1. Residue under question is B:Tyr191, and the condition is that it be assigned to a loop (DSSP other than H, G, I, E, B), away from every other protein chain (no Cβ under 14 Å) and open to solvent by less than 40 Å² (accessible area, probe 1.4 Å); does it hold?
2. State which residue pairs qualify: first residue of a type in the set (Ser, Thr, Tyr) and inside region B:58-71, second residue not in a helix (DSSP H, G or I) in any location, beta carbons under 8 Å apart, and separation of 6 or more residues or different chains.
3. Considering only residues that are out of contact with any helix residue (DSSP H, G or I) (no Cβ under 8 Å at 6 or more places or on another chain) and among the aliphatic types (A, V, I, L, M), look in region A:71-109 and name the one that is surrounded by the fewest Cβ atoms within 10 Å (Cβ to Cβ).
4. Here's a check for you: in region A:336-351, which residue that is away from every other protein chain (no Cβ under 13 Å) and over 12 Å from the mean Cα position of the chain (by Cα) is least open to solvent (accessible area, probe 1.4 Å)?
5. Can you pull out every residue in region B:305-330 that is facing another protein chain (nearest Cβ under 10 Å) and either in contact with a strand residue (DSSP E or B) (Cβ under 6 Å, 6 or more places away or on another chain) or not basic (Lys, Arg) (or both)?
6. Here is a list: B:Leu213, B:Leu204. Which entry is open to solvent by 10 Å² or more (accessible area, probe 1.4 Å) and among the aliphatic types (A, V, I, L, M)?
7. Return yes when A:Pro289 is more than 10 Å from chain B (Cβ to nearest Cβ), open to solvent by 10 Å² or more (accessible area, probe 1.4 Å) and in contact with a helix residue (DSSP H, G or I) (Cβ under 9 Å, 6 or more places away or on another chain) and no when it is not.
8. If you go through region B:361-408, how many residues are open to solvent by 20 Å² or more (accessible area, probe 1.4 Å) and farther than 30 Å from B:Lys338 by Cβ?
There are 2 protein chains.
Amino acid sequence: MIYKVAVQDARYPLDKSAGSDAIHRDPVYSYAVTQLLDEGGWTGTGLAFTLGAGNDLVCQAANYYAQRLIGHDIEAVMADFGNLFRAWSNDPQFRWLGPHKGVVHLALASVTNACYDLWAKKRGVPLWKLLLDLSPEALVQTLDFSYLEDEMTAEDALALLTSQQNDRRSREGILQSGYPGYDTSVGWFNYSDEQVRSNCQQALDAGFSAIKLKVGSEDAERDIRRAYLLREVAGPEVKIMLDANQQWNLPKAKAVCKKLAAMNPFWIEEPTHPDDIQAHQTLAQEIAPVKLALGEHVPNKVLFKNYLQTQSAAFIQVDAVRVGGVSEFLTISLLSKKFGIPVVPHVGDMGQLHQHLVLFNHIAMGHKALFLEHIPHLKKHFVHPVRINHGVYETPQEPGSSCDLLGV
Amino acid sequence: MIYKVAVQDARYPLDKSAGSDAIHRDPVYSYAVTQLLDEGGWTGTGLAFTLGAGNDLVCQAANYYAQRLIGHDIEAVMADFGNLFRAWSNDPQFRWLGPHKGVVHLALASVTNACYDLWAKKRGVPLWKLLLDLSPEALVQTLDFSYLEDEMTAEDALALLTSQQNDRRSREGILQSGYPGYDTSVGWFNYSDEQVRSNCQQALDAGFSAIKLKVGSEDAERDIRRAYLLREVAGPEVKIMLDANQQWNLPKAKAVCKKLAAMNPFWIEEPTHPDDIQAHQTLAQEIAPVKLALGEHVPNKVLFKNYLQTQSAAFIQVDAVRVGGVSEFLTISLLSKKFGIPVVPHVGDMGQLHQHLVLFNHIAMGHKALFLEHIPHLKKHFVHPVRINHGVYETPQEPGSSCDLLGV
């Protein structure tokens, strides 16, 4: 039984240029950390990610939800988590502050993630194993399909999971081989050309075959020059992703994306405002076969549904520490699978939690094991930091979701 | 010069059934109240509206913005408010909590509204007069068109306002005749059939010719019965609006809306999730000529642009205490005018602020003077409560935006 909850505001200032992008010039990577203390001695830990200012607001909102868990057994909570999630995210007064977005939804993510973590710890298994061992029925019971019914009901999700059961064995080899990573730290916005060159070489030497460059400069020529420079250094085979962090409006995005096409980007990420379904749809049509990726700032399953329906996102970058936690992440992954679109999470959690989730997405849903973003900035602060060898995530073995932080 | 700021958490419990709808069963109407104290003795007051829980979070976030105004002169602030609004709403760390939605955007609304209020008080005029007296250039300087450029730039907005200048005189008569109101309190969700009947009669007796009924029941038959009952009592000429408060998913909305068509609703409001552009587009096409209205929960201009582009909203219910205040309200009104869609605000402010804004929309933009929602619940708490006579709002004459609250 959960006898106590605590929510902590954990902030980690970064080195000068790391983490910078076109819009977030001075981030302080921060977590609203929910801890659920169980009488059995386990502590469930859940994270929501922010960039510093206002992390305290997320903590206060998380506490609002977390308090309700006191006196409850985690197995009972998770047996009907889908209904609980629906009820909490539609709290009659609190939902006005969203609904399903912003501070309150980040808070729900933190608490939800703590629930899944405690569940796995209490069962003594890593989260990926807990999820894989659940029956499709039990898994679907933890999800909420409200407002998705025009595309996917709980029954549809169950059918999808069941249909993938036979081939699961063939995909389990990834547990030994590990999930591929990509290096997101090659080209932060503030890095000089020289740094980008040398980071690229280091990434290739470390075994990565996919890397990212930040674009979205005031001066588009800077973006274009750096993108072609990186292609030159990396060679034609390496996958290069370009990330504009919402810095363009539609007319500018059209113009710049067309100039970037010839360096063959694997995707162009967050070209414009994360709420702008129509702009992404128009852009995707105009710049095809160049593909768009987005999700870092998309708050909920309803907006993701819209991006899938309009065929504007070729890669879904849902982040389980931005949407309503593991539950909504899995719901969006199922929906993406229905549309045949790969899930390549943004990792506000630095990959700690997502390394579990992408294994489940691949094995249980049949999602392609493309690659998972790797950001090492907070490595030293985690109790069980992710382990990357030759560009591949080693499968975590510790019980839980690998989100415990040192000193928190 | 602004020498001090204060943000207050003002909550007003309601009578038992007033204010109830299909999703908000137990609202506590609340304001995050920003006050800007000017050395000249004026206090600028701005509101954001919530339903109770979490109003404190909005207050904290508002204080984050408001502190920056200390030491500044309001005339200087407003001379370049569009750029300030863009900078604040894209604060490099804080925007992660949105962007442009949820707690942080509600907070920005409160502070923005306080700025406009102080500006009008210092000039000694009601807000509607301040706005009408500004040159189109000066008005546009207070707005931010970022992410709207594919549909409207600052230059386009200027051209629109300028083109309406010649006919303004012909629309100024409304300042004498008053802006029509509609009665939103006839059919709250929890009211019995008998109450709905008698409220309808009272509304007609009070001079209203447009009234609203809450729908969105678990049992659709209840909605249908009540809607036809209200039509029977009101007669064929009265405009009846039906409000589902997001309670339907798309399949259910289709089914129920088709059954409601024959009672000739003037609009059906918030049929489903406020982020679901595609669902509204599909529904609007399927139930035409029945029209949809929405905006109460739409957080920003980017989503409104999407609703306009997809022709899914026939009435734009933008609320200046939900989006980023007067500035974003006017931006969205200009965009709506471009699309030929009327603006009929939701009034979280109980009409106090919006009575000024709809006068400006009508006279300066040429928006049709349809009607403004009227909710009397908090009347006794305002220093200058709206005055409704024979269903018409009397034009306010006091300096400012009529948002001062007693005892706050």
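1. Here the answer is yes, as B:Tyr191 does meet what is asked.
2. These pairs meet every condition: B:Tyr64/A:Ala53; B:Tyr64/A:Gly54.
3. Across region A:71-109, the extreme among qualifying residues is A:Ala76.
4. Initial filter on region A:336-351 (away from every other protein chain (no Cβ under 13 Å)): A:336-338, A:340-345, A:347, A:349-351.
Next, from what is left, pick out any that are over 12 Å from the mean Cα position of the chain (by Cα): A:336-338, A:340-342.
Working: A:Ser336: 0, A:Lys337: 59, A:Lys338: 97, A:Gly340: 60, A:Ile341: 35, A:Pro342: 30 Å².
Applying the filter and picking the extreme gives A:Ser336.
5. Restricting attention to region B:305-330, the residues satisfying the condition of being facing another protein chain (nearest Cβ under 10 Å) are B:305-310, B:322.
B:Asn306, B:Tyr307, B:Leu308, B:Gln309, B:Thr310 - these are the residues of region B:305-330 that are facing another protein chain (nearest Cβ under 10 Å) and either in contact with a strand residue (DSSP E or B) (Cβ under 6 Å, 6 or more places away or on another chain) or not basic (Lys, Arg) (or both).
6. Result of the check over B:Leu213, B:Leu204: B:Leu204.
7. yes
8. Final tally of qualifying residues: 20.
The values are calculated or read from the model by the stated rules, or taken from the named source; none is laboratory data. Note that this is a predicted model, so its numbers are computed, not measured. Cβ atoms come from the backbone with ideal geometry, glycine included; neighbour counts cover every protein chain shown. Only protein heavy atoms, including side chains, enter the accessible area calculation; ligands, DNA and RNA are left aside. Shrake-Rupley method; radii C 1.70, N 1.55, O 1.52, S 1.80 Å.
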